[in-house]
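Encoded as structure tokens, the structure appears first; notes follow it.
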Amino acid sequence: MFQPIDLQPFISDWVSNKGNSESYNVGYDALLAFGSAVHDKTGMLVLAHAVYGWMPTILKSYNLDGLAVEDVRGGFLPAEPVLNNSWVGTSKMFHFLAPEVWPIWDSRVALHFGLPRSGQHNRREVYRDYADFLRAEAASCKNPTNYSNLRFLELCLFSARPAKKEKPTHSSVRLSSA
């Protein structure tokens, strides 16, 4: 279940660290420009492949039947994810089609909301609640970027990498004797 959090520490951290990398921004800008030019299913499919090129996995399956670009831009959220059975991938394509409507949902962002496992964050209602929460927060946030308020808040969350669990070092690992 999705639970809202205080975004101010993430915003403050992002502002004090002067944002993220130039190469990341260039790739994002290119995808944003391409997404704004998409008007049909063929364009959505090309965008889906481009979005998955931006991710650490590849696009293996998609179902764009019955989905229109105008519906996504109008705030329609289908019952099932349309890319790789993943709300993460679907959210990215939706974001590049409608950056003022759909925030990017990412497993790293989900960690900030206490949702470490795919079964917890790869759910329609969780993505819907996250999107509703960020849209409400975006209405009043101070945004020092050229990106939408929604993107700015998601970027603050994405840039604040959650603490990784430490892996045991060789000296702390006990080997059992055979």
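Read-outs throughout are calculated quantities, based only on the coordinates presented, and are distinct from any laboratory measurement. Note that the structure is a prediction, hence the values are computed from the model and not measured. Note that each Cβ is placed from the backbone with ideal geometry, even for glycine, and that neighbours are counted across all protein chains shown.
Charged side chains reduced to their Cβ positions (Lys and Arg at +1, Asp and Glu at -1) give region 1-126 a dipole of some 340 debye around its Cα centre. Inter-label distance, N146 to D132: 3.4 nm, where each label sits 7 Å from its Cα along the C-beta direction. Projecting label points 7 angstrom from Cα along Cα→Cβ for F34 and R123 puts them 3.3 nm apart. The residue among F113, G43, Y147 whose Cα reaches farthest toward the positive pole of the charge dipole of the chain, with charges on the beta-carbon of Lys, Arg, Asp and Glu, is F113.
At full extension, S16 and F76 could sit 18.0 nm farther apart than now, given 0.36 nm per residue minus the alpha carbon distance.
Taking amide H as placed 1.01 Å from N in the peptide plane, the amide H of Y62 sits under 5 Å from that of N84, each at least 5 places away or on another chain.
Extension gain A68-V46, at 0.36 nm per residue separation less the Cα-Cα distance, in nm?
Numbers: separation 22, 0.36 × 22 = 7.92 nm, distance 1.44 nm.
Difference between extended and current length: 6.5 nm.
Note: relative contact order over region 8-160, using C-alpha pairs below 8 Å and six or more positions apart, is 25 percent.
Computed from phi, the 3J(HN,Hα) profile of region 133-145 under the Karplus parametrisation 6.51, -1.76, 1.60 (θ = phi - 60°) reads 4, 5, 4, 5, 5, 5, 4, 10, 7, 8, 10, x, 10 Hz, with x in place of Gly and Pro.
The lysine pair tally for the chain, using Cα distances under 25 Å and a gap of 8 or more places or different chains, is 8.
Between the helical axis of 41-53 and the longest alpha-carbon principal axis of the chain there is an angle of about 20 degrees. Quick one, which of (1) 35, 16, 14; (2) 27, 21, 15; (3) 29, 22, 17 is the actual semi-axes √(5λ) of the Cα gyration tensor in Å calculated for this model? Answer by label: (3).
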